[in-house]
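Here the structure is laid out as structure tokens; the discussion comes afterwards.
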Amino acid sequence: MMPFDRFTQKAQQAATRSLEILQKYKHSQIDTEHFFLALVEQPEGTVPQLLETLGASVDVIARKLEAVLAAAHKSGGSPHSGVPTVQVFITPRLNRVMGVAHEEANKLQDEFISTEHILLAIASERNTHSANILRDAGVTKERLYGAIEEMRGGQRINEPDAESKFQVLEKYGRDLTQAAAEDKLDPVVGRVDEITRVMQVLCRRSKNNPVLIGEAGVGKTAIIEGHAQQITANDEPEILAGKRLVSLDLGAMIAGTRFRGEFE
């Protein structure tokens with residue numbers, strides 16, 4: 001059984017889409033390839049983003065999965081062929097994948113099972129169509145861990161809609177730590193005290209939200225960019241190591257909304 005009660009919204013959508021794919025190919029049981037294709041096809045989903053980050057072609061992976069499902073339909077092999085009945089089952093293999101996804105969620109200290117947990121579970125398989133497709137694309141479990149950590153920036157999946165919030169950061173934000181790593185930020189001179197003070201506030205157990213106030217042009221952005229450069233240079237306390245600084249474009253976020261509640 002799939003643990004729907006612990007699925008994020010994106011994972012639930014993928015489960016629904018996998019059933020549609022099952023019906024398209026006239027199979028009788030949902031297998032890993034059905035679910036994997038549903039993940040790959042998700043518009044603005046986390047899985048396509050992770051695959052592209054690792055240099056894999058989402059279109060190529062989708063075509064390979066479609067070929068596997070089409071061949072199974074013709075041969076009558078696994079995935080199981082035949083006209084679906086009213087009651088749809090998942091294969092023991094997909095059930096094992098969901099069990100591994102549950103373990104991955106616990107390992108990452110997440111409350112909900114997200115699409116990236118399921119992708120990690122698929123990558124954990126050996127000598128299966130889906131795992132071989134990932135391997136041929138250069139996507140390994142170890143590389144996925146790194147890409148997920150970079151995408152999340154230390155955040156956890158503690159809400160059903162957490163994945164959509166990652167997409168907001170990618171769509172409306174600029175990763176200053178990545179820009180610093182790529183040497184795209186100007187050097188910051190004479191702001192050591194202010195940068196150190198920001199760092200001290202961030203490291204507090206409570207009341208750890210620094211606010212920079214000043215007229216335009218006095219150097220507020222420079223302080224934050226200097227902080228991003230310190231993180232990239234590993235010149236930060238351990239508690240801040242590996243964290244991301246993301247600059248949000250609030251104007252772009254508000255531009256697509258009509259009401260204040262919609263923006264929130």
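Mean 1/r over all different Cα pairs, inverted: what Kirkwood radius does the chain give, in Å?
One over the average 1/r among Cα pairs gives 20.7 Å for the chain.
If you average the C-alpha positions of region 129-154 and of region 183-220 separately, how far apart do those two centres end up, in angstrom?
Computed from Cα coordinates, the inter-centre distance equals 34 Å.
Tell me which DSSP H helices of the chain clear both cut-offs, 20 Å or more of axial length from alpha-carbon atoms and a mean Kyte-Doolittle hydropathy of at least -1.0. Could the numbers behind the result be given before it?
Values: long enough: 9-24 (23 Å, -0.86); 58-75 (26 Å, 0.58); 92-107 (22 Å, -0.90).
Passing helices, by number: 9-24, 58-75, 92-107.
Please list the non-local residues whose amide H lies under 5 Å from the amide H of ILE113, H modeled 1.01 Å from N, same-chain partners needing a gap of 5 or more.
Under 5 Å from the amide H of ILE113: PHE7, THR8.
Explain nothing, just the number: relative contact order of the chain, from Cα pairs under 8 Å at least 6 residues apart, as a whole percent.
19 percent
So for region 4-159, what are the equivalent ellipsoid semi-axes in whole Å, largest first, each being the square root of 5 times an eigenvalue of the Cα gyration tensor?
The equivalent ellipsoid of region 4-159 has semi-axes of 25, 17, 13 Å.
Region 16-52: which trypsin sites (Lys or Arg not before Pro) are DSSP loop and have at most 13 other beta-carbon atoms within 10 angstrom? Working shown, then result.
On the way: sites: ARG17, LYS24, LYS26; in loops: LYS26.
Answer in residue order: LYS26.
Based on DSSP H runs of at least 4 residues, each adding -39500 (n - 2.57), what is the mean residue ellipticity at 222 nm of the chain after dividing by all its residues, to the nearest 500 deg cm²/dmol?
-17000 deg cm²/dmol
By count of other Cβ within 10 Å, fewest leading, how are LYS10, LYS243 ordered?
So the ranking, lowest neighbour count to highest, is LYS243, LYS10.
None of the figures in this text is laboratory data; all of them are computed from the coordinates on show. Since we're looking at a predicted model, the values are computed, not measured. Methodologically, a virtual Cβ is constructed for each residue, glycine included, from the backbone with ideal geometry; neighbour enumeration extends over all protein chains shown.
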